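Student: Below is the structure I would like to discuss, written out as structure tokens.
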Amino acid sequence: MTAPLWTARDAMTATGGRLDGPAWTASGISIDSRTVAPGDLFVAIAGPNHDGHDHVGAALAGGAAAAMVHRRPPGLDADAPLLTVTDTVRGLEGLAVAARARTRARIAAVTGSVGKTGTKEMLRLVLAEHGATHATQGNLNNHWGAPLSLARMPTGSAYAVFELGMNHPGEIAPLSRLVRPHVAVITAIEAVHIEFFASTADIADAKAEIFLGVEPGGIAILPADSPHFERLAGAARAAGIETILGFGTGTDADARLIACEIEPDRTHARAEISGRSIDFHVGMAGRHWANNALAVLLAAQALGIEPGRAAPALAAMRPPAGRGSRHVLAWGAGEITVIDESYNASPASMRAALATLAAFRPSKGGRRVAVLGDMLELGAQGPDAHAALATTAIEAGIDLVFTAGPLMAGLREALPAGRSGGHGADADALAPLVVAGVEPGDVVMVKGSAGSRMSRVVAALRQKSGSAKDVGDNAL
């Protein structure tokens, strides 16, 4: 029999709360009443837009074992199973602290301007081949998501991987101190969320907060090709970390990418890791996947798994939703291929996505088509960053570029005649132009920041087709 994730008494001890109603055990933790599973402990978070206390009744009716609250909602049965705490956010953190204290798992934490979710997923795949592995679901990486992910960690986990995110200084340090990783990975430093920072050096400093929670004797894994490598390494040393490893293409990198061959459904790579040559492939298309796989193999090595034993699992990597899933759609007398990158975007991930699109070979008569929405939170750099994509698109051999949003209007104006497929004020306005402009044989990549809602373009293409074959072999 599987041990419960939390007993009522253990949760009470962890949070300092008060139990009301019958005894219970929980097999999971949820902060969303819409997705609560039978046996979950529902934590009623009072957020800026919604208060979970308004949905406690629905969560219990949906099968939740109990609810953590800081006030009793009206209308509940007198014997409703409740764990009452002073504040539910602090209560969730209490569960996280207790979960971390009781585990013997070897833990890695991943952050970075781009690539952190994919890197976390690759590391999860690798570790799961060698022991029970717990990992952040999706990108639950903020001040609610990280403690929620920790609180969900089974006691018997052998390994765990947590993603830590931020868009302002000071956000990662408390998360790292909760997670207390043995290995800290930074994937990249780029001008993401630059609206909230004076420079990318300041972004590097914010990402370096991950070192503040690393356990004694821990290891830092850093992007060796980054101009901020020495800044990051200095921050790691200042936090007491002695072992600092780099990954990239330089000869001094501990994990060095020697060769890379991109196919539509995978990336073959040759690397040298700690002086040993290794060949592997990632089940995703893109040089950035091979590069981040080096960080994964270094992290696995730091957690006790040799790169040669770790690498085969990378072949099973598949895209998270909206991060490169591939759909083959019936279109007129033929088909089109849609690459859904609509989850998010930054200048770095846009460049990588266009490079990946360039690696595709459309069928006879087909074109490489990019459908791009605004990249947000770039501040004063926004207009220039969007216009600069014209050069990237041309060099990548993109045949046609559709654009949506006020910032992407700058890209449209920078494109040469004949390269612009059309422009819309937003995704809804652009969608019919894309549907009308795409032709059989085209490979269509759709990307933009989450706030640009470019997933609506993907939905419009799928609706027009009426049929789809999901391939799901590419992502950022």
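The values are calculated or read from the model by the stated rules, or taken from the named source; none is laboratory data. Since we're looking at a predicted model, the values are computed, not measured. So basically every Cβ, Gly included, is an ideal-geometry build from the backbone, and we count neighbours across all protein chains shown. Accessible surface areas use protein heavy atoms only, side chains included; no ligands, DNA or RNA. Shrake-Rupley method; radii C 1.70, N 1.55, O 1.52, S 1.80 Å.
Student: Look through the stretch 313-323, keep the residues that are more than 14 Å from Val457 (Cα to Cα) and not in a helix (DSSP H, G or I), and return whichever of them is least open to solvent (accessible area, probe 1.4 Å).
Tutor: If we filter the stretch 313-323 for residues that are more than 14 Å from Val457 (Cα to Cα), which is where we start, we get 313-321, 323.
Subset that is not in a helix (DSSP H, G or I): 317-321, 323.
On the way: Met317: 3, Arg318: 114, Pro319: 26, Pro320: 29, Ala321: 86, Arg323: 38 Å².
My answer is Met317.
Student: Let me ask something else. With a cut-off of at least 3 residues that are of a type in the set (A, V, I, L, M, F, W, C) and open to solvent by 10 Å² or more (accessible area, probe 1.4 Å), name the strands (runs of 3 or more DSSP E) lying wholly within the stretch 195-312.
Tutor: The qualifying strands (runs of 3 or more DSSP E) are 255-263.
Student: From Leu127, Leu164, grab the single residue that is within 26 Å of Ala3 (Cα to Cα) and open to solvent by less than 30 Å² (accessible area, probe 1.4 Å).
Tutor: Values: Leu164 fails: within 26 Å of Ala3 (Cα to Cα).
The match here is Leu127.
Student: Here's something else I'd like to know. Can you tell me how many residues within the stretch 58-92 are free of Cβ contacts under 8 Å to residues at least 40 places away in the same chain and of a type in the set (A, V, I, L, M, F, W, C)?
Tutor: Total satisfying the criteria: 9.
Student: If you don't mind, there's one more thing I want to ask. Can you tell me how many residues within the stretch 32-42 are under 23 Å from the mean Cα position of the chain (by Cα) and crowded, with 24+ Cβ neighbours inside 10 Å?
Tutor: 1
Student: Select from the stretch 146-160 the residues that are touching a residue at least 60 places away in the same chain (Cβ under 8 Å) and not in a strand (DSSP E or B) and write down the one among them that is nearest to Val110 (Cα to Cα).
Tutor: Within the stretch 146-160, the subset touching a residue at least 60 places away in the same chain (Cβ under 8 Å) is 148, 151-152, 154-156, 159.
When the remaining residues are screened for being not in a strand (DSSP E or B), the result is 148, 151-152, 154-156.
Details: Leu148: 16, Ala151: 18, Arg152: 18, Pro154: 20, Thr155: 21, Gly156: 22 Å.
Per the criteria, the residue is Leu148.
Student: Turning to a different aspect of this structure: Mind checking which strands (runs of 3 or more DSSP E) fall wholly inside the stretch 329-413 and carry at least 1 residues that are modelled with pLDDT under 95 and touching a Leu at 6+ places or on another chain (Cβ under 9 Å)?
Tutor: On the way: elements: 334-341, 368-373, 400-404.
Those strands (runs of 3 or more DSSP E) span 334-341.
Student: Val97: within 27 Å of Val179 (Cα to Cα), aliphatic (A, V, I, L, M) and assigned to a loop (DSSP other than H, G, I, E, B), yes or no?
Tutor: no
Student: Another one. Looking at the stretch 115-145, which of its residues are at pLDDT 95 or above, outside any loop (DSSP other than H, G, I, E, B) and either over 9 Å from the mean Cα position of the chain (by Cα) or of a type in the set (A, V, I, L, M) (or both)?
Tutor: Listed by number, the residues that qualify are Met122, Leu123, Arg124, Leu125, Val126, Leu127, Ala128, Thr133, His134, Ala135.
Student: Please list, ordered by first then second residue, the pairs with beta carbon atoms under 9 Å, 6 or more apart or interchain, first in the stretch 18-40 and within 17 Å of His70 (Cβ to Cβ) and of a type in the set (A, V, I, L, M), second open to solvent by 50 Å² or more (accessible area, probe 1.4 Å) and modelled with pLDDT under 95.
Tutor: Every condition considered, the pairs that remain are Ile31/Trp144.
Student: Checking Gly418 against (1) assigned to a loop (DSSP other than H, G, I, E, B); (2) in contact with a Ser or Thr (Cβ under 6 Å, 6 or more places away or on another chain): exactly one of these is not met. Which one?
Tutor: Looking at each condition in turn, Gly418 falls short on (2).
Student: Restricting attention to the stretch 1-12, and to residues there that are under 12 Å from Ala99 (Cβ atoms) and not aromatic (Phe, Trp, Tyr), which single residue is surrounded by the most Cβ atoms within 10 Å (Cβ to Cβ)?
Tutor: Looking only at the stretch 1-12, we keep the residues that are under 12 Å from Ala99 (Cβ atoms), and these are 5-6, 10-11.
In the following step, the residues that additionally are not aromatic (Phe, Trp, Tyr) were identified as 5, 10-11.
Details: Leu5: 23, Asp10: 18, Ala11: 26.
Going through the qualifying residues, I end up with Ala11.
Student: Let me ask something else. Can you pull out the residues in the stretch 421-452 that are within 17 Å of Pro347 (Cα to Cα) and assigned to a helix (DSSP H, G or I)?
Tutor: Pass one, the stretch 421-452, residues within 17 Å of Pro347 (Cα to Cα): 445-452.
Matches in the stretch 421-452: Ala450, Gly451, Ser452.
Student: Considering only residues that are buried (at least 16 other Cβ atoms within 10 Å of the Cβ), free of Cβ contacts under 8 Å to residues at least 24 places away in the same chain and hydrophobic (A, V, I, L, M, F, W, C), which ones fall in the stretch 412-458?
Tutor: none
Student: Out of all the residues in the stretch 362-391, which are open to solvent by 50 Å² or more (accessible area, probe 1.4 Å) and over 17 Å from Pro416 (Cα atoms)?
Tutor: Ser363, Lys364, Gly365, Leu376, Glu377, Ala380, Gln381, Pro383
Student: Sticking with this one: On the given criteria, is Ile45 open to solvent by 50 Å² or more (accessible area, probe 1.4 Å) and either farther than 23 Å from Pro154 by Cβ or in contact with a helix residue (DSSP H, G or I) (Cβ under 7 Å, 6 or more places away or on another chain) (or both)?
Tutor: Against the criterion (open to solvent by 50 Å² or more (accessible area, probe 1.4 Å) and either farther than 23 Å from Pro154 by Cβ or in contact with a helix residue (DSSP H, G or I) (Cβ under 7 Å, 6 or more places away or on another chain) (or both)), Ile45 does not qualify.
Student: Looking only at the stretch 166-176, decide whether some residue is assigned to a strand (DSSP E or B) and either within 21 Å of Gln381 (Cβ to Cβ) or not basic (Lys, Arg) (or both). If you could, list the steps in order and put the result at the bottom.
Tutor: Taking the stretch 166-176 as the starting set, the residues that turn out to be assigned to a strand (DSSP E or B) are none.
Checking the stretch 166-176: not a single residue is assigned to a strand (DSSP E or B) and either within 21 Å of Gln381 (Cβ to Cβ) or not basic (Lys, Arg) (or both).
Student: Output yes when any residue across the stretch 135-158 is open to solvent by less than 50 Å² (accessible area, probe 1.4 Å), polar (S, T, N, Q) and within 22 Å of Gly308 (Cβ to Cβ), and no when none is.
Tutor: Of the stretch 135-158, the ones open to solvent by less than 50 Å² (accessible area, probe 1.4 Å) are 135-136, 138, 141, 145-151, 153, 157-158.
Now narrow it down to the ones that are polar (S, T, N, Q): 136, 141, 149, 157.
Those still in the list that are within 22 Å of Gly308 (Cβ to Cβ) too: none.
The answer is no; no qualifying residue exists.
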